[in-house]
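J.: Handing you this structure, nothing more for now.
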Amino acid sequence: MKFGVIVFPGSNCDDDMVHVLGNVMKQECVKIWHKDTQLEGFGPGDCIVLPGGFSYGDYLRSGAIARFSPIMKAVAEFAEQGGIVYGICNGFQILCEAGLLPGVLLRNTNQQYICKNVHLKTITTSTPLTASLASGQVLKIPIAHGDGRFYADEATMRELETNDQILFRYSTESGEITDAANPNGALYNIAGVCNKQRNVFGMMPHPERASEAILGNTDGRLLFESLVTLGQMAAATVAE
């Protein structure tokens, strides 16, 4: 499986992502500059990653400028053709601003930057990102953001629920969905969502920071393992 990690001015988790995908997961991985206009060499079963950071210094709104980078047109076309697109933290914000994912990420309710481990309850396993997990499985993944409060209007929320598009909700270690377990005030404790076609994903927590035993946590690696497994299956199906 081939991964492409897009680098925007202000991205600061791109090298972390390349390390995990290339050295830990042993997958082909290349960096893609935001001014590129094509995603050459990527096909069915491959994945484009929008990493965390502070694209364009988070001016205007987080992700609001990056969504106009030349590469985003190619990303949208790739997603429309069924390619896998995965946004983490700032990448999630960019995908929402670009309209590739529903909702928006607002300022944390405490108006402060939050950096700590949180627990996530798996809500759907019907995506390449979560297929290897068990429904209700709880993961411990770190967050690091100031604008992580997911919000959507009532109609959009009904669609997310009806279409099973909610990936994770912030929870307690035992999987309870409580206000106290919600670090940023996200609507209904939502930590990640996918699109209706289930090939574009976004989440605020950073699984790449929890993918190696040396870091004391490998819960994040489960998501990358799921992506690789489903991506390889998709590529094999197309090849047949």
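J.: Considering Ala213, Ala235, which residue is of a type outside the set (D, E, K, R), modelled with pLDDT under 95 and surrounded by fewer than 18 Cβ atoms within 10 Å (Cβ to Cβ)?
T.: Ala235
J.: Out of the residues in segment 51-76 that are modelled with pLDDT of 95 or more and of a type in the set (D, E, K, R), state the one that is nearest to the chain's Cα centre (by Cα).
T.: Among those residues, the one meeting the criterion is Arg67.
J.: Between Ile114, Ile143, Ile166, Ile177, which is surrounded by fewer than 22 Cβ atoms within 10 Å (Cβ to Cβ), touching a Cys at 6+ places or on another chain (Cβ under 9 Å) and not polar (S, T, N, Q)?
T.: Criteria check complete, one pass: Ile166.
J.: Within segment 25-67, track down each residue that is charged (D, E, K, R) and either within 22 Å of Gln81 (Cβ to Cβ) or free of Cβ contacts under 8 Å to residues at least 60 places away in the same chain (or both).
T.: If the condition is that a residue be charged (D, E, K, R) and either within 22 Å of Gln81 (Cβ to Cβ) or free of Cβ contacts under 8 Å to residues at least 60 places away in the same chain (or both), then Lys26, Glu28, Lys31, Lys35, Asp36, Glu40, Asp46, Arg67 are the ones that fit.
J.: Follow-up. In this structure, does Ser171 turn out to be over 17 Å from Arg221 (Cα atoms), surrounded by 18 or more Cβ atoms within 10 Å (Cβ to Cβ) and not acidic (Asp, Glu)?
T.: Spelling it out, Ser171 is indeed over 17 Å from Arg221 (Cα atoms), surrounded by 18 or more Cβ atoms within 10 Å (Cβ to Cβ) and not acidic (Asp, Glu).
J.: Just checking, which of Glu225, Glu176 is out of contact with any Pro (no Cβ under 9 Å at 6 or more places or on another chain), modelled with pLDDT of 95 or more, over 21 Å from Gly63 (Cβ atoms) and in a helix (DSSP H, G or I)?
T.: Selected residue: Glu225, the only one of Glu225, Glu176 that is out of contact with any Pro (no Cβ under 9 Å at 6 or more places or on another chain), modelled with pLDDT of 95 or more, over 21 Å from Gly63 (Cβ atoms) and in a helix (DSSP H, G or I).
J.: Are any residues in segment 1-48 hydrophobic (A, V, I, L, M, F, W, C), touching a Leu at 6+ places or on another chain (Cβ under 8 Å) and outside any loop (DSSP other than H, G, I, E, B), and if so, which ones?
T.: Across segment 1-48, the qualifying residues are Phe3, Val5, Ile6, Cys29, Ile32, Cys47, Ile48.
Residue by residue, here is whether (1) charged (D, E, K, R); (2) touching a residue at least 40 places away in the same chain (Cβ under 8 Å); (3) at positive phi holds:
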site: Leu21; (1), (2), (3): no, yes, no
site: Pro70; (1), (2), (3): no, no, no
site: Ala76; (1), (2), (3): no, no, no
site: Gln93; (1), (2), (3): no, yes, no
site: Arg107; (1), (2), (3): yes, yes, no
site: Ile114; (1), (2), (3): no, yes, no
site: Lys121; (1), (2), (3): yes, yes, no
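J.: Would you pick out the residues in segment 179-222 that are in contact (Cβ under 8 Å) with a residue 24 or more places away in the chain, acidic (Asp, Glu) and not in a helix (DSSP H, G or I)?
T.: Glu212, Asp219
J.: Moving to a separate point now. Residue under question is Ser226, and the condition is that it be buried (at least 24 other Cβ atoms within 10 Å of the Cβ) and of a type in the set (Ser, Thr, Tyr); does it hold?
T.: So Ser226 does not fit the description; no.
J.: Does Arg61 meet the test of being surrounded by fewer than 18 Cβ atoms within 10 Å (Cβ to Cβ), of a type in the set (D, E, K, R) and within 23 Å of His206 (Cβ to Cβ)?
T.: The answer is yes for Arg61.
The values are calculated or read from the model by the stated rules, or taken from the named source; none is laboratory data. Remember, predicted model here, so these are calculated numbers, not experimental data. We place every Cβ from the backbone using ideal geometry, glycine too, and count neighbours over all the protein chains shown.
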